[in-house]
C-alpha cells in the first residue's frame, strides 16, 4: 500500500515540476516577444506622428 502511494506522489511531483518549467519558459518567451514588439512600435511611432 505504501509503495503505491509513493509512486502516485512521485508521478504527481514530476508532473508538477514539468508543468512549472513549461509555464516558466512560456512566460519568458511571451515576455520577450512583447518587449520586441513594443520596441518596434516605438520605433515606428516617429513615422506615424509626421
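A few notes on this one:
- Contact map, segment 6-23: residues that are touching a residue at least 60 places away in the same chain (Cβ under 8 Å) paired with residues that are part of a helix (DSSP H, G or I), Cβ distance under 6 Å, separation 6+ or inter-chain. No pairs are found.
- Given (1) surrounded by 10 or more Cβ atoms within 10 Å (Cβ to Cβ); (2) more than 26 Å from the chain's Cα centre (by Cα), index of the condition residue 18 fails: (2)
Readers should treat all values here as calculations from the given coordinates under stated rules, not as data from a laboratory. Remember, it's a predicted structure, so these values are computed and weren't measured experimentally. Neighbour counts are summed over all protein chains in view; Cβ atoms, including those assigned to glycine, are modelled from backbone coordinates with ideal geometry.
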